[in-house]
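**Student:** Handing you this structure, nothing more for now.
Just so you know, all these numbers are worked out from the coordinates, no wet-lab data involved. Just so we're clear, the structure is a prediction, and the values are computed from it rather than from any experiment. Cβ coordinates were reconstructed from backbone atoms using ideal geometry, including for glycine residues, and neighbour counts include every protein chain displayed.
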């Protein structure tokens, strides 16, 4: 966990880092700013695979974020690196497959913080028992993905605020 003067480091992870994890990064960054805590956080996203390294978020992700006045300016896909596991305090997977990949990496390279599954922190009324954020790259349903990711990000911020004893103005 972060020391007193260090930022709280949060990394969102999905398969290719162009749909779900950059969406979560942008939503979470907005929630943190709205809570007046931007100075306390370092927020990033990455993908398990390298297929899209250097690409901006998917046009569907960009469109749904803009629809909600959230702008992923400057975001570019990158692949997760072993050092991410010891740099970030909270590494948040979009689905159970990503989580298993991260757990395997953590066994090999070590882990500083916590591995979490995003929808485990979401409002059950929104998720309806679903644990994985469906990949809109395949489903095309960016609006549904947005709703799930937003709920998970709200729950994550509440979780971190409680754990880190932060005042969250939400």
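**Student:** With label points built 7 Å along Cα→Cβ from the Cα atoms of residue 76 and residue 33, find their separation and express it in nm.
**Tutor:** In this crude label model, residue 76 to residue 33 measures out at 2.1 nm.
**Student:** As a check on your grasp of the helix formula, calculate [θ] at 222 nm for the chain: sum -39500 (n - 2.57) over DSSP H runs of n ≥ 4, divide by the residue count, round to the nearest 500.
**Tutor:** Values: 7 runs with 73 residues, N = 170.
Result for the chain, helices only: -13000 deg cm²/dmol.
**Student:** Continuing with this model, one more query. With the Cα gyration tensor of the stretch 130-170 in hand, convert its eigenvalues to equivalent ellipsoid semi-axes via √(5λ) and list them largest first in whole Å.
**Tutor:** Working: eigenvalues 148, 18, 7 Å².
Semi-axes, largest first: 27, 10, 6 Å.
**Student:** So what is Rg over Rh here for the stretch 8-163, counting just Cα atoms and using Kirkwood for Rh?
**Tutor:** 0.93
**Student:** Provide the convex hull volume over Cα atoms per residue for the stretch 1-98, in Å³. Intermediate values should be presented prior to the final figure.
**Tutor:** Numbers: hull volume 10.0 nm³, N = 98.
Spread over its residues, the Cα hull of the stretch 1-98 gives 102 Å³ apiece.
**Student:** Let me ask another. The stretch 78-95 to the stretch 6-77: how many Å between their Cα centroids?
**Tutor:** First find each Cα centre; the distance between them is then 13 Å.
**Student:** Now for a different question. Return the Cα extents of the stretch 71-170 along principal axes one, two and three, sorted largest first, each rounded to a whole Å.
**Tutor:** 37, 35, 32 Å, listed from the longest principal axis down.
**Student:** Relative to a virtual label point 7 Å from the Cα of residue 40 in the Cα→beta-carbon direction, which members of the stretch 79-107 show backbone nitrogen distances below 20 Å?
**Tutor:** Output list for this probe position: 88-92.
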